[in-house]
Structures are given as structure tokens and as C-alpha cells.
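Please read the structure below before turning to the comments.
The values are calculated or read from the model by the stated rules, or taken from the named source; none is laboratory data. Note that the coordinates shown come from a computational prediction; the quantities given were computed from them, not determined experimentally. Backbone-built Cβ (ideal geometry, glycine too); neighbour counts: all protein chains shown.
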Amino acid sequence: MPEYRTAQIRNLALMGHTGSGKSTLIEALLYRAHAINNRGRVDKGTNHADFTAQEQAHHHSLEPSFLSFDYHEHHINLIDTPGLADFFGRALLPLPAVESVLLVVHADRGIEAVTQRAFEHAREQGKAIVVVINHIDDHLPGLEALVEQIQTRFGHGCLPVNLPLADGSAVADCYFSPDSNTQTLFSDVASVHDELIDTVLEEDEALMELYLEQGESLSPEQLHAPLETALRQGHLVPICFTSAEQDIGLSALLKVLVEVMPNPLEATPPQFLKGWDDQEQPVTISQNPEDHVLAHVFRVGIDPFVGKMGVVRLHQGTIDTGMRLLIGDGRKPFKISHLFKLQGGKQLELKQAIPGDIFALAKIDGLEVDAILHDSHDEDHYHMPKLALPQPIFGLAVKPKRRGDEQKIADVLHKLVAEDPSLHIEHQENQNETVLQGLGDLHVQIALEKANEVFNVDMDTAKPSVAYKETITAPAEAMHRHKKQTGGAGQFGEVHLRIEPLSRGEGFQFESQVVGGAIPGQFIPAIEKGVKEAMAQGFLASFPMQDIKVVVLDGKHHAVDSKEIAFVAAGKKAFLEAVSKASPVILEPLVDMHVQVPQDKMGDITGDLSAHRAMVCGTEALDNSSVDINVEAPLAALDDYATRLKAMTGGEGQYSMTFSRYEVAPPSVQESLMH
């Protein structure tokens, strides 16, 4: 049995922009709690959160890592998440497993792109948030202005629970045991304390009346219930000040994590659903250790030596080694041979898991992200809402360096996507390409690097081909007679047909108006087959054809020599001859884009888009001092847009795009594609 109960657990994900100091802060908290003997450093590749060879080589967190420690009779599970924008999808994966988000802000750089997005996603999922302003030792003069910026961006419920001393050497408590005589860098302890109390009491009218009418001071214990309500509702977002490097504010932060942030029983209840589609219904779970097991797999890692490892949040019931569990609606249970507590790169044996805890299971093939583990068929159709991950915006076509490695590459690509669902694999049949898509060029490159270094698979890459199409712009008719005579039976088929352009997106229509048995009915499908073969091969530049109606008007057959193969050939040649008369053109795909950038960058962005044949359709001011630009653009002009946008906005821009339609490409584009 663990030495703690569910009410003593705190689960927190550390989120924030790269360079804000998340990994260093975790290292400092582990050291302060005596969970490690020596503090590692990010720049030397020795910190406990960034333990993979890739992370140590790049000096960045590239995937979530899991660490825990005990402090003042509480068990703290911390999840470090990547701060690079390209890995934001990976950073979101742990959100369903935690009650709270510790949002780390660099004291000098303030709110950056990933910080803003992390706050928005955390609030959407009902997570309690604590903002930690880190690196305060070198940036004292700007701290008051930064607090004001945080309140403007995130709401005026963002309130300090401590303040830096005038010399920045420590922080002064403003909530638990405030000393109004303490000299702080800005504001004062008494007024900050009063504002905190007023905000908390807005959640409890009876306690507010007691406070106002009797003038009684209230203890943190009395304030605890309305405090937790304020955190759940987002009406209060505590702000703490730290310098992880200089050990400033760490004890105060630990006190907030233990005594302020919610335990699993106090937080927004986990969302479980039963059934699918129109049968889907929300279900309430008990979080009782005596009830049926319900656990959620929120992270999967695959190692060529260890196999598949799933990281799991237990929501209900108790899991012991040796017991059997089911995965989703699977009929065959699996046996739990080992439970692990992850401590960076180490796996510590665990005998039992209780509700609220986070643990790992290894060497179980059926584990995948979002799988539900349970011990009764009553919960076969339970699931959690699918996490909304960012859509991929950058892709590279991949192929094996060595012939015969196609299946090996397919297997490795699927392993990469199993680990990171924000990666996508797209098979483009017309171009005979496999495209690995991600949130940016670095995202895809790191995945390919892992394929090579971890799974020993090397691939050639190229920009993916744009899926151009061809069509016609005028009706035309043509006739072709296929006649072939060899020593034995010959081949004969004659087809007279008309082609007509269809509206964009209508695809292909085929009709026969043959009368009088000029072409027997059994050969009409052969003509359609020949036409489809010609359309797949294209006419101008070998791109597939679309939006064409074909009408077979007449023809001839021979009682002996007419065969299916003859009418396939005649239909194909007649179609191509008709296309040559029908003013064929090349179509290019257009996409609808939404580009979100800071307002002061809008001119640069719209100018760049216009220079690349894009059309700005509208703009909308957003609440966070940014603007949403609605754009229609040719896909061919966007192959490097992720890189361009990052350069123009310093990483603060983001965009999404969806296919819109096909339109005729400009003559210059068509000319270049035909040569």
C-alpha cells in the first residue's frame, strides 16, 4: 500500500514557453524536498527531467517526463512538458491526468506564445492554475509591470500569494501568515492579503457575512473550501515568485502546492463518457478505492528493448500487481506483472496504485493513448473526451534509403504516431508518397531523428508533392476505332463519345446513350474502365483528371473480334482525343487558413501572404491582443509557411488550414508544371 492517500496526492503539469525554466524548477523542487542528492543542469544534460539522448543533445525538453517526491506528508507528481511550439501537442497529452497546471513565466520575457496557449487549454479543461514567475533574481525592476501584464492577459483573478522582498533575496507570504511590516519590492503584504481574501470569499456568502459583520480574521482552514471553488472556476489564479537557480521562493511554492492546489477529490471531476455517437452519455465516477477499476492511458512510449510502456492515471478502484485488467471493449484480460513509478529515466517498482495516482505499465501491446483500463465488462464502453490536439501544418515525404525497407519504415512511422498523436501519416496514392506531418519542421525532424537513432531506420525526405488535378473547360467529341489483327482472333472496338465539364467538385459522371445494339451492353463497362484509366494518367502533366462527364454516343462492334480489351483501348483513346479538343487545364488546391498573430505583426503577415498569391478574406480581433486573419491561399505557396511565420513572429504566430476547393492554376504555374 502506498504511504499516502488520495487526498494527499497533488498532480501538476508544468507548462510554459521554452527557456522559462520548467526543468530547472523541477530540479530545484526535487532537491529542496530531498528527493535527489545532486542538482543537475539543463545546459550540461544532467537534469532529471531531460534524460533521453535526444533531449540531452538538443538541451530542450522534447516529450513529457514524470517525476515525484514526498513533502510534508503529501505525494507530489510533477509532469515536465516541452516548451517549444512545435511540441505543443505533446505538452497537452498530460492535461487529462492532472488537477493543476503550474504555468512558468520568465521574469524578463513575460507571456510568450506557448504560455498563452497553455493557459487557454488549461482553463478549457477546468484545471486549477498557479502562475510561477521564475528568474526573478536578475529582473526585479520589471516584476510589477509583469504582474499587470498577467492580469490583463489572464484576468484580474491572477493575484500574488507572495511578493518579492525589496532586495529580491526572498519572498514574503501574503496568504497563510502575512506580516504587514515586511518591506516588499512593490505593493504591500496587507493590501495583497485583503484582495486575496475578498476574492476567495466571493465564493461563500455566509463566510463573507461573518467576515464583514464580525470583523473576524479567517484562518486558511476556514477559507479552504471557497478557495478550492475559486481555483476550479478560474476566479483565482495564484501568482508565486521564484528563482530556481538561486533557491528563492521554493519553500513558499511548495507550501502553495501542498496547501492551496487541489487534491484529486477537490478538483474538477474527471469527465467519463459511456457509449458512442448519439448513445454517448456522461457518467459520474466515485474515485473510491473499493469500486471497479477505471484508469486512463494518457501517454505511450515505445522502446526497442523495453517494448511499449503506458503512463496511466488511476481514477477509481485499486490496482495491485498480479490482477487482471481489460483494455476498452477488449474481451481478453491481461495480467499486471509489474507496476512502475517513473522517476525521470528510472522505473521504480510499485506494488499498488490508488485513485489519483500516476504510474506506468510495461510490455503490454494493447496500450494506446486514450485507452481505458478496467476490471469489469460493465465499463467496456467507457471513454474520456478526445483531447483536441493542434492540427499538423508541416509535412515531409519519406521513403526508405534501401529497397526492401518499406514495411520496416511503415512499422516505425506507426510507432512514432502511437507515441505522439500530434504526428500524422498521410498516404497520397496519386503521388505514390507517404507524408509524415507535424506541427512544424523541428517536430518532424526530431521524429525522423528518433526513427534513425532509436529504431535504426533511415529515410530519405523531400517536400511533399502538391496534389494538382486536371480538367476540361469546354465540351468536345471524338471517335476512335481500335483494330488489331494477328494470326488468330483479332480485336475490334469503335467508340464515339462526348465529354463535358462539370462544376468544380462533382468528380466524374459516365452515361451511355447507345441505341440499337451498336455496342453490346456488356462492353459499356469496358469503355468506362478505359476512360478512368486515361483520367488517372492525366493529359497535360500526368495529374489525375476530375469534374468531367463522359457520354458514349455510338460505336461499332464485331461479332467475333470484339472483346473487352478492345473497348477498354477504344474508350481510352477516344477520351484522350476528346480532351485534346476540350481546352484542358491544370487545377491547384486552395486552402482556407486562419492565422493568429500579435496585432503589431498583422501588416507583415498580410504582406507576405499577398506576395504568395494568397487572398485575405477578413480579420477578427481576439481577446489576447492578437488578431485572427482569414485567408484563402494556394497550397503550393505554403510549403515553407511554418518557417516563414515563425521567423516573422518570433514563434508567437500559429495557423490552421483546411482544404477548400480546386481552382484553375495561373498560366505561369501551368506552364512550369508541363515542362
Report task. For residue 106, work out the one condition from (1) surrounded by 24 or more Cβ atoms within 10 Å (Cβ to Cβ); (2) touching a Gly at 6+ places or on another chain (Cβ under 7 Å) it doesn't fulfil. Result -> (1)
Query raised in the report: Which condition number does residue 212 fail, the rest of (1) assigned by TED's automatic domain parsing to the domain that holds residue 148; (2) at pLDDT below 95 being met?
Result: (1)
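For (1) touching a Pro at 6+ places or on another chain (Cβ under 8 Å); (2) polar (S, T, N, Q); (3) farther than 30 Å from residue 53 by Cβ, each residue gets a yes or a no:
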residue	(1), (2), (3)
404	no, no, no
411	no, no, no
432	no, yes, yes
437	yes, yes, no
461	no, yes, no
474	yes, no, yes
483	no, no, yes
497	no, no, yes
Query raised in the report: Given (1) within 30 Å of residue 560 (Cβ to Cβ); (2) of a type in the set (A, V, I, L, M, F, W, C); (3) under 24 Å from the mean Cα position of the chain (by Cα), where does residue 489 come up short, assuming only one miss?
Result: (3)
Query raised in the report: Does residue 209 fit the bill of being in a helix (DSSP H, G or I), more than 30 Å from residue 34 (Cα to Cα) and among the acidic types (Asp, Glu)?
Result: yes
Requested in this report: Those residues that are touching a residue at least 60 places away in the same chain (Cβ under 8 Å), loosely packed, with under 15 Cβ neighbours inside 10 Å and closer than 21 Å to residue 443 by Cα, I need them from region 41-83; list them, please.
Outcome: 53
Report task. Please tell me if residue 519 is part of a loop (DSSP other than H, G, I, E, B), farther than 30 Å from residue 54 by Cβ, more than 44 Å from the chain's Cα centre (by Cα) and not charged (D, E, K, R). Result -> yes
Query raised in the report: Any residue at all in region 336-355 that is of a type in the set (Gly, Ala, Ser), more than 20 Å from residue 68 (Cβ to Cβ) and assigned to a loop (DSSP other than H, G, I, E, B)?
Result: yes
**Report entry** Cβ-Cβ under 7 Å pairs, at least 6 apart or on other chains, region 553-573 side among the basic types (Lys, Arg), far side outside any strand (DSSP E or B)
**Finding:** 556/518; 572/530; 572/531; 572/533; 572/534
Requested in this report: Among the residues of region 183-196, write down those that are of a type in the set (Val, Ile, Thr) and either surrounded by fewer than 20 Cβ atoms within 10 Å (Cβ to Cβ) or assigned to a loop (DSSP other than H, G, I, E, B) (or both).
Outcome: 184
Query raised in the report: In this structure, is residue 34 surrounded by fewer than 23 Cβ atoms within 10 Å (Cβ to Cβ), at positive phi, at pLDDT below 90 and out of contact with any helix residue (DSSP H, G or I) (no Cβ under 6 Å at 6 or more places or on another chain)?
Result: no
Requested in this report: Output the residues belonging to region 54-87 that are at negative phi and assigned to a loop (DSSP other than H, G, I, E, B).
Outcome: 60, 61, 62, 63, 64, 81, 82, 83, 84
Query - The lone exception for residue 625 - which of (1) more than 30 Å from residue 539 (Cβ to Cβ); (2) surrounded by 18 or more Cβ atoms within 10 Å (Cβ to Cβ); (3) over 22 Å from the mean Cα position of the chain (by Cα) it fails - result: (2)
Query - Number of positions in region 454-500 that are of a type outside the set (A, V, I, L, M, F, W, C) and in a loop (DSSP other than H, G, I, E, B) - result: 13
